[in-house]
Amino acid sequence: MTDADHGTRRTYAAGCRCTDCAAAEAGYRATLRRLARSGRPPLGALVRAGDAARIVRALLLERFTRRRVADEAGLERHTVHLTPSSRVRLSTVLRLRRTARRLLGEL
Ligand SMILES: [Zn+2]
């Protein structure tokens, strides 16, 4: 590994315990603890798909296709086939919200 290959969680997970890699891991864990304390879940957390489904529905009503919504949001096409009882990553909800705001100028 060169210097440029250190200082990430990936390199820490690969077993490197140098200062830079340990700091990257520690920083990540500190962020997780802070998010947990503040009650805000991490982006990878699974959440109910209700919000995401509502956003997709709003875009469909505006005549956007599911394919277009997925492409605009940078999501896999199957991701935009949601029922309110399914679960999605929080990052997916935020991504859809950003996309809807951009496409509709609101929400
Ligand atoms: Zn390292």
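The values are calculated or read from the model by the stated rules, or taken from the named source; none is laboratory data. Since the model is a prediction, treat every value here as computed from it, not as a measurement. Neighbour counts run over all protein chains shown; Cβ positions are idealised from the backbone, glycine included.
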Check your understanding: Of the residues Ala100, Ala73, Ala49, which single one is within 16 Å of the chain's Cα centre (by Cα) and farther than 30 Å from Arg9 by Cα?
Key -> Ala100
Check your understanding: How many of the residues in the stretch 2-52 are more than 16 Å from the ligand (Cβ to nearest atom) and of a type in the set (Ser, Thr, Tyr)?
Key -> 2
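Restricting attention to the stretch 7-24, and to residues there that are in a loop (DSSP other than H, G, I, E, B) and at pLDDT 90 or above, which single residue is surrounded by the most Cβ atoms within 10 Å (Cβ to Cβ)?
Filtering the stretch 7-24 for residues that are in a loop (DSSP other than H, G, I, E, B) and at pLDDT 90 or above, the one surrounded by the most Cβ atoms within 10 Å (Cβ to Cβ) comes out as Cys16.
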Practice item. Within the stretch 74-107, track down each residue that is assigned to a loop (DSSP other than H, G, I, E, B) and either farther than 15 Å from Leu59 by Cα or free of Cβ contacts under 8 Å to residues at least 40 places away in the same chain (or both). Key: Gly74, Leu75, Glu76, His81, Leu82, Thr83, Pro84, Ser85, Ser86, Gly105, Glu106
Check your understanding: Of the residues Arg57, Arg63, which single one is at pLDDT 90 or above, of a type outside the set (Asp, Glu), surrounded by fewer than 16 Cβ atoms within 10 Å (Cβ to Cβ) and part of a loop (DSSP other than H, G, I, E, B)?
Key -> Arg63
